[in-house]
Amino acid sequence: MARSMQNWASRRVSTDLPTPPFSPPMKWMVDMEACGAGTHPRQAPRPVSRCAALHRCQRTAPDGSDAGLSVRARAARRNIRARRQLLRGAASQGDCRLAQHVVSMPDDMDPLIAPHLPALAWLLVSSGLVFFMQAGFCAVESGMVRYKNSINVALKNVVDFCTSFAAFLILGYSLMFSPSLDPIGLIGMPVPFLSDLSLVNTAGTDVFTLFPFAFFLFQATFCNTAATIVSGGVAERCRFMAYVLVSIGIGLLIYPIYGHWAWGGGWLMDLGFHDFAGSSVVHLLGAGITLAGVIVLGARAGRFGPDGKIRDIPASSMPLVALGIMFLAFGWIGFNGGSAPLGAQTATIIVNTLNAGAFGAMGVMMLVWALRGVPSADLILNGVLGGLVAITACANVVSIPASCVIGLLGGAAVVIGTRLLERWRLDDAVGAIPVHGFAGLVGILCTGLFADATWLAETKQMSRAHFTTVQCIGAIACLAWGFGSGWVLWKIVGRGTSLRIGPDEEAVGMNYSEHKVEEPIAQLTAAVIDSAAGRRDPQVLDHVRDGELAPLARAIQGLVRKQAEQRREARNWAETLTEVRSLIAEEQHAGGSAARQSGEEVAEAREAIADVGKLLERRRLEDPTAAVLLDLVRMLERRLDSAIATLPRIDRSFERVAAGAGRLEDLAGAMRGRA
């Protein structure tokens, strides 16, 4: 075996290149002695003799040029030339592995591109990870708002991907990465629909230059992220059509122009500004546009009381928010990790990224625990994003301990930003401005404070103070451009369409008012409320027959019907009591009148009998029968006196009956109120 390996190592392997009609025959000898015993005979390189496209091509120019060749034949000829060049280098350097790699390539593969395929794969995977962040934003924003607006917010996250992607493809990408139209570097050359990618400046990175469409895909996902930040901040009050127009403006002009300044060869890039993966280009810019929208639209109804008191609006699903945060953290691996070519530094970038997110959450947790005594769920979750946003500017130029500090500062910036917005009475529905604005600003400034000294001296060739000043200029420019252009965009859109929904639409929710999506849970809630107020017919719940809410709907319908029956009975009792009271009142009036009249008549009779008694008293001595009659008169007087004394009590009894009738009337009124 050793001798066979030695013979193999000393052989010179001949590879015959195909000889098409337009190419003179050539013989290349690849020296395999450098391979030594490390190459097995079974791994011998196969001849490059499968370029069928060249053999089939018969249309050649007399001068041997590529004129008249098909596109496939031209590509095959370029591949052959590149292979020969690589084989020459392998022969001169004795590189057996390179020679084997070249001759074992498929015929349709460009040998100059093949070494970059792993980097291409990582760039495409990173693009997918960044695109997956759209699902994270959708979950976070849908969970942060009330249920009656969740469908509207989720749909905005889907649509802003479509609109911003289309706008970025149509014009935005070329404005961002083409050569500047002006000497200052304010805007790139417009190249509609990616019609000439050769004009696009990709900063000289091999993988980005060799695979321009992959680079476009990666950058388009960043544009989507900048647009979707706005949807959360203005949620629960911004009309759907207005937001669609705003997202188009972001992808078409606002994002590409600042991106050209910082990444596309513009004036900030010339100054030495460094934003590794978009703390300013994506996050701070999106926060500036959101701030303009929040000011133009105003606060949600009920967010701030007339006395200035802050009223918290609870989230519909905090577990969904937590799931969205994990999606975003996972996507951030590609967001930051894919912003540099695949290499030894990739792992460090990813570690710095996740490390900052973890420390951001811990910093917020400790801070709110110290201030409130309770770990606030929404602030802790936003603290994760704050750390991730802050490290995005400098994940490639800071150490791991520095990433811990940057994460803590990013989390603290979220808490401070949230409190400032509440003090300024600015209503950010999901905390987009504190997370992407305040934390993004911290990240840009921390790049100047914590950047590696060696990198600063060798790459930037400037002092730390100078570099920090440049970073401050870039942050101020981003805030000014984002807020100013965003304000103009919101105002322009407001001239063409209504920006904010009305009070009734806000009360019923944007799921129905904007998209006519009926929500059974909302209908059940309204049915219970209206039923308690006596304004709901139980038949309106008959259509809720399917799904998990059907048993609840039937139970509520039964309760509503039972309560309706009780109300009907109460109304009947109230009517009965009213009738009884009326009868009692009539009888009391009649009885009282009769008692008073009887009293008057008895009094008159008493006076007449008293006169008779006086007459009999005078005749008692003259007539013996007068004495007997006098005794009868005296007895009758006593009886009449007793009747006269009794009749007022009867009248008073009738008055008490009248008071009781009044109480019956009050009872009837109370029963009518319940009915």
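No value in this document is a laboratory result; all are computed from the given coordinates. Nothing here was measured: the structure is a model prediction, and the numbers come from that model. Cβ placement follows ideal geometry from the backbone for every residue including glycine, while neighbour counts extend to all protein chains displayed.
Some notes on this structure:
- Above-threshold pairs, the threshold being 23 Å between Cα atoms, out of K148/K562; K516/K562; K156/K516: K148/K562; K516/K562
- Cβ crowding within 10 Å, taken as a proxy for footprinting-reagent exposure, orders H260, H274 from fewest neighbours to most as H274, H260.
- Relative to the compact-globule estimate of 2.2 N^0.38 Å, the Cα radius of gyration of region 284-334 comes out at 1.58.
- Rounded to the nearest 20, the Cβ-based charge dipole of region 342-455 about its Cα centre (Lys and Arg +1, Asp and Glu -1) stands at 180 debye.
- Gyration tensor verdict on region 226-384 (Cα atoms; rounded if a/c is under 1.5, prolate if a/b is larger than b/c, oblate otherwise): oblate
- Mean Cβ count within 10 Å, highest first, over the residues of peptides 241-253, 565-577: 241-253, 565-577
- Distant-in-sequence amide contacts of R500, defined by a placed amide H-H separation under 5 Å and a gap of 5 or more residues or a different chain, comprise R239.
- At an R0 of 30 angstrom, the distance between the Cβ atoms of A301 and E565 translates into a FRET efficiency of 0.25.
- Label-to-label distance, R84 versus C472, with points set 7 angstrom from Cα along the beta-carbon direction: 6.0 nm.
- FRET efficiency estimate (nearest 0.05) - Cβ-Cβ, L667 to K309, R0 60 angstrom: 0.90
- Inter-probe distance in nm under a simple model that places probes 7 Å from Cα toward Cβ, at A608 and H515: 9.6 nm
- Near-label residues of region 132-152 by backbone N, under 20 Å of a point 7 Å along Cα→Cβ of D504: 148-149
- Backbone HN-Hα couplings from phi across region 330-346 [Karplus 6.51/-1.76/1.60, Hz, Gly and Pro as x]: 5, x, 5, 4, x, 4, 8, x, x, 7, 10, x, 4, x, 5, 7, 4
- Assigned charges on the beta-carbon of Lys, Arg, Asp, Glu; region 232-328 dipole about Cα centre (debye): 420 debye
- Descending by average beta-carbon neighbour count within 10 Å, the peptides 316-326, 165-175 line up as 165-175, 316-326, the highest first.
- In this Cβ point-charge picture (+1 for Lys and Arg, -1 for Asp and Glu), region 116-505 has a dipole of about 980 debye about its Cα centre.
- Rg followed by Dmax, in Å, when region 109-168 is reduced to its Cα trace: 17.2, 57
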